[in-house]
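Chemist: Dropping the structure in here first, questions after.
The values are calculated or read from the model by the stated rules, or taken from the named source; none is laboratory data. Since the structure is predicted, the reported quantities are computational estimates derived from the model, not experimental observations. All Cβ positions, even for glycine, are placed from backbone atoms using ideal geometry, and neighbour counts span all protein chains on display. Ligands, DNA and RNA are stripped out before the accessible areas are found, and what is left, the full protein with its side chains, is counted by its heavy atoms. Shrake-Rupley method; radii C 1.70, N 1.55, O 1.52, S 1.80 Å.
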Amino acid sequence: MGDSLTVTDNRNGKTYEIPIRDGAINAFDLRQIKTSPDDFGLMSYDPAYKNTASCKSRITYIDGDQGILRYRGYPIEQLAESMTYLECAQLLLEGELPAKDSYDKFAHEVTYHTFVHENVKRFMHGFRYDAHPMSMFISAVAALSSFYPEAAEVGDAEVRRRQIIRLIAKVPTLAAFAYRHTQGLPYVYPSNELSYTGNFLAMVFKMSESRYVPNPTLERAFDVLFILHADHEQNCSTSTMRQVGSSRVDPYTSLAAAAGALYGPLHGGANAEVLYMLEKIGRKENVPDFIRKVKSKEAMLMGFGHRVYRNYDPRARIIKKLAHEVFQVTGMNPLLDIALELERIALEEDYFVQRKLYPNVDFYSGLIYQAMRFPTEFFPVLFAIGRTVGWLAQWEEMVTDDEQKIARPRQLYLGHDVRDFKPFAQRG
Ligand code: SDX
């Protein structure tokens with residue numbers, strides 16, 4: 001007996017031997033299980049992909065029970081402690097820690113692609129003053145596709161690499177333009193003298209000063225935050241990136257779709273939802289009443305729970321610590337007390353313990369963003385900047401994987417059998 005599964009079909013007593021590889025059976029092996037030659041064959045049914053691996057990947061490893069996260073084998077705690085976001089981006093894309101000269105070249109390329117076509121400013125202007133920054137960001141990323149028609153050549157490795165550099169370089173510029181538009185402020189052009197995160201802070205916050213000098217603690221905080229958000233294997237938005245990209249559309253279009261998935265309140269939009277929730281709770285004394293509402297399903301504790309983690313999200317632990325460093329510069333965020341009290345009570349309550357609900361990446365990040373004076377609606381855009389490299393690394397892996405094809409799930413059809421059309425006069 002090797003690594004295999006013996007399946008007996010009790011409808012006809014037939015037995016099948018199904019190989020197990022890498023801890024999984026190939027769903028297509030089920031198709032041989034039939035009751036007659038014209039039977040379609042057995043399928044597996046898995047709404048929301050709760051137990052289905054859609055790809056083989058070598059990028060990110062999560063052990064949800066232990067609360068472990070690694071990029072390319074390196075523990076997230078070490079990476080967040082020791083590298084810049086761009087170094088992390090190169091690690092995710094290329095699979096190895098870059099040598100210094102390779103890193104310098106990569107950082108230079110990204111730095112020199114940060115500008116966007118002047119027309120981007122014109123269509124940014126077209127948005128209403130109160131447009132949601134995530135809508136603007138998604139639309140602007142999709143629009144980049146029209147500026148780079150060569151991007152359609154997804155089979156060409158050189159072309160793909162150029163778009164990857166462009167996207168990593170330009171997403172902070174698009175994000176900052178969206179922010180400035182909502183504030184009614186003039187757009188700030190990228191500065192090649194600053195680091196990736198320093199330049200982002202400058203494009204967002206620069207006012208009349210001739211030279212913007214980013215605060216080193218906040219600049220470093222963004223490196224850490226972007227690293228922590230950079231990839232998270234087959235989450236909803238990354239699966240979207242792979243799924244849309246599997247049609248061989250250009251990466252700008254796929255990335256806009258992925259950002260669209262991220263925008264949702266159950267995914268990257270949760271960082272903003274946490275803030276709305278904390279503001280609504282208002283005072284530490286109101287926490288027990290809010291927890292009571294969660295337990296009776298009248299409310300949801302945003303920033304808690306995860307499909308994969310059944311333990312503390314290691315990113316949340318790092319962000320919680322980082323918050324204290326940021327607050328030294330920005331001043332304390334008074335909502336922190338409410339968040340800490342929510343966490344303290346939730347971790348003791350049976351409701352959360354039994355369901356293994358712990359704080360996720362979105363629970364503490366918003367407190368930092370708010371302390372830095374970002375408006376709450378902008379938080380998912382900050383998530384999207386960091387996640388861009390993960391989407392692209394996963395897209396590259398998908399495009400170059402011989403086993404991948406256009407993504408096309410099956411369904412279990414439970415609707416009507418064939419019936420004849422009736423004109424209006426004959427309908428009830
Ligand atoms: C991200 O997948 C990724 O990797 C995502 C991400 C990434 O980096 O890409 O980590 C980023 O999206 C983090 C998650 C952000 N979302 C939120 O914080 C929203 C609040 N969380 C929940 O909506 C929920 O926990 C999810 C969406 C994160 C996960 O949902 P699942 O896996 O489908 O779990 P579920 O909804 O089936 O919950 C199981 C039980 C249910 O109770 P019962 O029906 O068994 O009684 O737990 C309850 C749920 O009602 N539950 C919660 C809860 N989360 C789950 N109850 C109250 N508050 C919550 N937050």
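Chemist: Could you name the lysines in cross-link range of residue 14, using Cα to Cα under 27 Å and dropping any fewer than eight places away on the same chain?
Modeler: 34
Chemist: Follow-up question, since we're still on this one. Over segment 312-428, average the accessible area per residue using a 1.4 Å probe and give it in Å², no decimals. Please report the intermediate quantities before stating the final value.
Modeler: Working: 6290 Å² over 117 residues.
For segment 312-428, the solvent-accessible area averages 54 Å² per residue.
Chemist: Follow-up question, since we're still on this one. For segment 1-107, state which chymotrypsin sites (Phe, Trp or Tyr not before Pro) are in a DSSP loop and have at most 16 other beta carbons lying within 10 Å of their beta carbon.
Modeler: Values: sites: 16, 28, 40, 45, 49, 61, 71, 85, 103, 106; in loops: 40, 45.
Answer in residue order: 40, 45.
Chemist: Taking the chain as the reference, fit the longest principal axis to its C-alpha atoms, fit the long axis of helix 157-183 to the helix C-alpha atoms, and give the angle between the two in degrees, 0 to 90, nearest 10.
Modeler: 60
Chemist: Distance between Cα centroids, segment 52-83 to segment 317-396: provide it in whole Å.
Modeler: Result: 19 Å between the Cα centres.
Chemist: Right, next: On full extension of the chain, what length is gained from residue 135 through residue 162, given 0.36 nm per residue of separation minus the C-alpha to C-alpha distance?
Modeler: Numbers: separation 27, 0.36 × 27 = 9.72 nm, distance 2.51 nm.
Length difference between fully extended and current span is 7.2 nm.
Chemist: Right, next: Could you report segment 1-47's accessible area per residue, 1.4 Å probe, as an integer in Å²?
Modeler: 75
Chemist: Loop-only check: which trypsin sites (Lys or Arg not before Pro) in segment 160-264 are DSSP coil with at most 16 other Cβ within 10 angstrom?
Modeler: Numbers: sites: 160, 161, 162, 166, 170, 180, 206, 211, 220, 242, 248; in loops: 206, 211, 248.
For trypsin sites (Lys or Arg not before Pro) across segment 160-264 that sit outside H, G, I, E and B with at most 16 neighbouring Cβ atoms in 10 Å, the list reads 211, 248.
Chemist: Roughly how many nanometres apart are two label points built 7 Å out from the Cα toward the Cβ at residue 56 and residue 25?
Modeler: 2.0
Chemist: Also, quick follow-up: By how many degrees, 0 to 90 and rounded to 10, does the Cα axis of helix 133-147 deviate from the longest principal axis of the chain?
Modeler: In the chain, helix 133-147 runs at an angle near 80 degrees to the longest axis.
Chemist: Oh, and also: I need the phi-derived Karplus couplings for segment 402-410: 6.51 cos²θ - 1.76 cosθ + 1.60, θ = phi - 60°, integer Hz, Gly and Pro marked x.
Modeler: Along segment 402-410, the couplings run 4, 7, 7, 9, 4, 6, 7, x, 8 Hz.
Chemist: Could you compute the net charge surrounding residue 204? Neighbours are other residues with a C-beta less than 13 Å from the C-beta of residue 204; K and R count +1, D and E count -1.
Modeler: On the way: positive: 180, 206, 373; negative: 219.
After counting each charged neighbour, the total is +2.
Chemist: Please report the accessible area of residue 308 (heavy atoms, 1.4 Å probe, ligands and nucleic acids excluded) in Å², nearest 10.
Modeler: Per-residue accessible area (residue 308): approximately 50 Å².
Chemist: Let me ask something else. With an 8 Å Cα cut-off and a minimum separation of 6 or more residues, compute the relative contact order for segment 248-358 in percent. Could you put the intermediate results ahead of the total?
Modeler: Numbers: 64 pairs, mean separation 34.8, N = 111.
Averaging sequence separation for qualifying contacts and normalising by length gives 31 percent for segment 248-358.
Chemist: Report the accessible area of residue 306, computed with a 1.4 Å probe over the heavy atoms of all protein chains in place, in Å² rounded to the nearest 10.
Modeler: 50
Chemist: For the chain, calculate the relative contact order in percent as a whole number, restricting contacts to Cα pairs under 8 Å that are 6 or more residues apart. Could you put the intermediate results ahead of the total?
Modeler: On the way: 564 pairs, mean separation 82.1, N = 428.
Taking the mean separation of contacting Cα pairs over the length of the chain, I get 19 percent.
Chemist: Net charge near residue 22: determine it from the other residues with C-beta under 10 Å of the C-beta of residue 22, scoring Lys and Arg +1 and Asp and Glu -1. If you can, show how the numbers build up before the last one.
Modeler: On the way: positive: 21, 56; negative: 3.
Net of charged neighbours comes to +1.
Chemist: Okay, next question. Loop only by DSSP, 13 or fewer other Cβ within 10 Å of the Cβ. Give me the trypsin sites (Lys or Arg not before Pro) in segment 1-97 that pass, ordered by residue number.
Modeler: Values: sites: 11, 14, 21, 31, 34, 50, 56, 58, 70, 72; in loops: 11, 34, 50, 56, 58, 72.
Taking segment 1-97 and a limit of 13 other Cβ atoms within 10 Å, the loop trypsin sites (Lys or Arg not before Pro) found are 11, 50, 56, 58.
Chemist: Straight-line reach from residue 356: which lysines have a Cα under 29 Å away, not including same-chain ones fewer than 8 places off?
Modeler: 50, 56, 280, 284, 293, 295, 297, 320, 321
Chemist: So, with a 1.4 angstrom probe, what is the percent of accessible area on the chain that is carbon and sulfur? Intermediate results must be reported in sequence, preceding the final value.
Modeler: On the way: 11410 of 21920 Å².
Carbon and sulfur together cover 52 percent of it.
Chemist: Let me ask something additional. Assign one of three labels to segment 1-47, namely rounded, prolate or oblate, based on the Cα gyration tensor with a ≥ b ≥ c the square roots of its eigenvalues; rounded applies when a/c is under 1.5, prolate when it is not and a/b is larger than b/c, and oblate otherwise.
Modeler: Oblate.
Chemist: Measuring with a 1.4 Å probe in the full set of protein chains, what accessible area per residue, in whole Å², belongs to segment 118-219? Don't skip to the answer; put the middle values down first.
Modeler: On the way: 4520 Å² over 102 residues.
Accessible area per residue, segment 118-219: 44 Å².
Chemist: Using the alpha-carbon atoms, what tilt in degrees (0 to 90, nearest 10) does helix 236-245 show relative to the longest principal axis of the chain?
Modeler: 70
Chemist: Residue 105: which lysines have alpha carbons under 29 Å from its alpha carbon, excluding same-chain residues fewer than 8 sequence positions away?
Modeler: Excluding near neighbours in sequence, the set is 121, 170, 206.
Chemist: Quote the relative contact order of segment 1-47 in percent (integer), defining contacts as alpha-carbon pairs under 8 Å separated by 6+ residues. Write out the running numbers ahead of the final one.
Modeler: Numbers: 52 pairs, mean separation 11.7, N = 47.
Relative contact order for segment 1-47 comes out at 25 percent.
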